[in-house]
Amino acid sequence: AAKYCSEIYGRIFSTIYGLPVVSLRYFNVYGPRQDPASEYAAVIPKFISRMLAGKRPVIFGDGEQTRDFVFVNDVARANLLAAEADASGLALNIAAGQRYSLNDLVVILDEILGLNFQPVYEPARLGEVRDSQADILLANKTIGYAPEVTLHQGLKRTVEWFKANG
């Protein structure tokens with residue numbers, strides 16, 4: 001609710017005061033430098049950290065829940081595009097526009113790492129979103145945003161960073 005209220009305030013300030021405000025809604029951002037031990041750590045750095053340590057990734061639920069993962073470089077580029085575009089008053093989804101299950105994520109990481117880990121499945125967490133996929137069409141039309149880094153490419157870059165900075 002707080003994020004949505006911020007978007008409304010942005011639109012109001014844009015309309016009343018002519019202040020150019022664009023709201024960007026980031027979906028599951030990942031990439032180098034994420035701290036897997038942070039209380040806000042996302043699934044990708046947690047999985048990579050565990051797998052590099054020789055531990056199986058932990059999935060809460062059946063692993064078929066989906067997320068729209070977007071590489072941090074694409075997010076940075078979206079910010080630059082939004083800063084230069086005439087998109088004031090809009091709220092734009094910044095994501096890859098594709099969804100992958102957590103099970104898919106483990107398979108891709110296994111391939112990149114040359115492993116064959118089966119996840120540890122724990123009971124699903126109450127209130128967790130089952131499926132998430134962004135519609136990025138408005139961002140494409142208004143600021144020219146389109147993701148450039150595939151999930152496989154981004155995971156490979158992220159794994160390389162974790163290996164080098166482990």
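In table form, for the structure just shown:
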quantity	calculated
Identity of the residue in the stretch 53-67, of a type in the set (D, E, K, R) and surrounded by fewer than 21 Cβ atoms within 10 Å (Cβ to Cβ), that ends up nearest to Ser101 (Cα to Cα)	Glu64
Of all residues in the stretch 115-166 being small (Gly, Ala, Ser) and assigned to a helix (DSSP H, G or I), the one that is surrounded by the most Cβ atoms within 10 Å (Cβ to Cβ)	Ala139
The stretch 9-58, residues that are among the basic types (Lys, Arg), at pLDDT 95 or above and touching a strand residue (DSSP E or B) at 6+ places or on another chain (Cβ under 9 Å)	Arg25, Lys46, Arg50, Lys55, Arg56
Given (1) within 15 Å of the chain's Cα centre (by Cα); (2) closer than 14 Å to Thr66 by Cβ; (3) among the β-branched types (Val, Ile, Thr), index of the condition Thr158 fails	(2)
Cβ-Cβ under 9 Å pairs, at least 6 apart or on other chains, the stretch 24-36 side closer than 17 Å to Ala53 by Cα, far side assigned to a loop (DSSP other than H, G, I, E, B)	Gln34/Ala41; Gln34/Ala42; Asp35/Ala41; Pro36/Ala42
Test: residue in the stretch 61-69 that is within 22 Å of Lys163 (Cα to Cα) and either modelled with pLDDT of 95 or more or of a type in the set (Gly, Ala, Ser) (or both)	yes
Count - residues of the stretch 80-94 that are buried (at least 16 other Cβ atoms within 10 Å of the Cβ) and either within 27 Å of Lys156 (Cα to Cα) or not hydroxyl-bearing (Ser, Thr, Tyr) (or both)	10
Matching residues, the stretch 13-43, being surrounded by fewer than 17 Cβ atoms within 10 Å (Cβ to Cβ), more than 21 Å from Ala96 (Cβ to Cβ) and among the aliphatic types (A, V, I, L, M)	Ile16, Leu19, Ala37
Single residue of Gly127, Gly144, Gly154 found to be modelled with pLDDT under 95 and among the small types (Gly, Ala, Ser)	Gly127
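The values are calculated or read from the model by the stated rules, or taken from the named source; none is laboratory data. For clarity, every value in this text was computed on a predicted model and none was experimentally measured. Glycine also receives a Cβ, built like all others from the backbone with ideal geometry; neighbour counts cover every protein chain displayed.
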